[in-house]
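Engineer: Below: one structure in structure tokens.
The values are calculated or read from the model by the stated rules, or taken from the named source; none is laboratory data. What you are looking at is a predicted structure, and each value in this text was computed from that prediction instead of being measured. Cβ placement follows ideal geometry from the backbone for every residue including glycine, while neighbour counts extend to all protein chains displayed. Quick note on the areas: whole protein, heavy atoms, side chains included, nothing else; ligands and nucleic acids left out. Shrake-Rupley method; radii C 1.70, N 1.55, O 1.52, S 1.80 Å.
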Amino acid sequence: MSFHATVRPILIVFQLFGQFPLRGVLSDKATRWQLRWCSFQTGLCAVLVVVGWFLCLVEYERLVVIGVNADNIIGPLFYLDVTVIMLLLVRVAYHWHTVVPKWEQIEALEVMQYNARERGTRSARRIRAVALLLLGLGFAEHMLSIGKTVYAKVDEAQFCHWDYSNLPEYYAQRAYGFVFRRLPYNFLFFVFLEYANTALTMVWTVQDVLIIMISDAIAGYFDRLNARIVFYSTVQVVASEKFWCEIHSDYVMICELLEHVMSICSPLLVVSCGTNLYLICYQLFHLVDKAFRCRTEKFIIMTVFTYFSLFCVILRTFLMLHHCSAVHEVARRPIKLCRRVPTSSWCSELERFYDFVRKSSIAISAMGLFRLTKRTMLTMLGAVITYELVMLHFAQSTANQGIVKECSPEEFSFEPKSQSRH
């Protein structure tokens, strides 16, 4: 199964959230997958970007009113980050038509036909399962976040003795108060805001899933090349010069595909690593801060959400780094395989191929800033500890800022009427 046939169902899910606006993904021919500026997919994506920027400004104004601390600063940072990611996804979609011919050229190579049906089916099932798992966890995390917020707002109304006759309106006015200061409340607009917020939240998962699918496919190409080397290194090859010349040529073509794809996706990879690092630190900050202050959550759903959200971001980050580092591992494996070739089968073409792999630094690179290998995972672990200490220090210095008093209408657009106490 080809790469584009494998990822097509996942891209359809992307477009349900207004992401990766390629037109023609329902077609079997990947050459028809192109970005069209005048299309529903691109229009929906543009609307979400505008909403994201608007909500970013709203969150900024909110922090100007109530103050900034280590917890609430994520508000404007969230919308700023997801809108940047959406623009980067549009950039990838815009250049995707230049990648398709190279991908089809690689899949047409003779070496890729080696046990292609069995390997292709197994690889397609694995990558679809991983993608759907991450998308499902991301959606469940956001739904749990909404449920947590509803519980908190309802409890607030009971504590403050506020009366409300319409729960959706009350929730909208309390959760999106700064929005409805500018615009009159409307139920359909509130539903759209919830959809937009969900779609923007899913951008974090979409960017990692896209990187995982690309990395897995390229690692699979190197793996098939290695499988052929393993087979022919154990038998006597009659035309050894021709064989190793073809292996060398195929290897270079895969490297060129990797270089071309990463020239498009590298900015997205940099943002992904930075975002995941911050989210892990942010979720750990909540746990560490509560432990230091000996605080417990009022509702079980809040505790469940905290741990579930931390699990999701760690799992997503680990899978992304694992699949990216796998490209480096399988690309370097021919060095060990070539050493197993008998001396009698050694030739000049094999020598050239061996030297090329040994001297090359084949790995997924993030705009040349760093390469994703297994060592990168340890580096990020050290960075998490460092930035966690920075966040704790920032939290101590802003401990008395950004706190909204209970039953205060300061942060919201209206204060519900008090219940009758007779």
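Engineer: For Ile385 and Leu77, what is the calculated FRET efficiency with R₀ set at 22 Å and r taken between the beta-carbons, to the nearest 0.05?
Structural biologist: 0.60
Engineer: Please give the contour-minus-distance gain from Leu369 to Gln158: 0.36 nm per residue of separation, less the Cα-Cα distance, rounded to one decimal in nm.
Structural biologist: Extending this stretch completely gives an extra 70.7 nm.
Engineer: In terms of solvent-accessible area of protein heavy atoms at a 1.4 angstrom probe, what is the ranking of Trp37, Trp244, Trp346, Trp204, highest value first?
Structural biologist: Greatest to least solvent exposure: Trp37, Trp346, Trp204, Trp244.
Engineer: Carbon and sulfur together cover what percent of the accessible area of the chain at a 1.4 Å probe radius?
Structural biologist: 62
Engineer: Please list Thr303, Thr198 in order of solvent-accessible area, largest first, computed with a 1.4 Å probe with all protein chains present.
Structural biologist: My answer, sorted largest first, is Thr303, Thr198.
Engineer: Also, I was wondering about something else. Would you mind putting 268-277, 319-328, 184-193, 360-369 in packing order, based on average other-beta-carbon counts within 10 Å, highest first?
Structural biologist: Details: 268-277: 20.3, 319-328: 22.3, 184-193: 13.1, 360-369: 16.3.
Sorting 268-277, 319-328, 184-193, 360-369 by mean packing, highest first, produces 319-328, 268-277, 360-369, 184-193.
Engineer: Using a 1.4 Å probe and counting only protein heavy atoms, arrange Val13, Val65 so the residue with the most accessible area comes first.
Structural biologist: Sorted by accessible area, descending: Val65, Val13.
Engineer: Taking the Cα-to-Cβ direction at Ile300 and at Met143 and moving 7 Å from each Cα, how far apart do the two end points lie in nm?
Structural biologist: It works out to 1.9 nm between the two label points.
Engineer: Another one. For labels at Lys359 and His260 in the simple 7 Å Cα→Cβ model, what's the distance in nm?
Structural biologist: Computed distance between label sites Lys359 and His260 equals 2.5 nm.
Engineer: While we're here: How many lysine pairs are close in the chain, with Cα atoms under 20 Å apart and the two 8 or more places apart or on different chains?
Structural biologist: Number of lysine pairs found: 14.
Engineer: Between Val65 and Leu133, how many nm apart are label points set 7 Å from Cα along the C-beta direction?
Structural biologist: With each label point 7 Å from Cα toward Cβ, the separation is 4.3 nm.
Engineer: Using r as the Cβ-Cβ distance of Ala5 and Ser344, and R0 as 56 Å, what FRET efficiency do you calculate, to the nearest 0.05?
Structural biologist: For R0 = 56 Å, the calculated efficiency reads 0.85.
Engineer: Related question: What ranking, highest mean first, results for peptides 338-345, 212-219, 2-9 when packing means the other Cβ atoms within 10 Å averaged over each residue?
Structural biologist: 212-219, 2-9, 338-345
Engineer: Looking at Cys160, His95, His323, which one has the Cα that reaches farthest to the positive end of the dipole of region 3-398 (charges on Cβ: Lys, Arg +1; Asp, Glu -1)?
Structural biologist: His323
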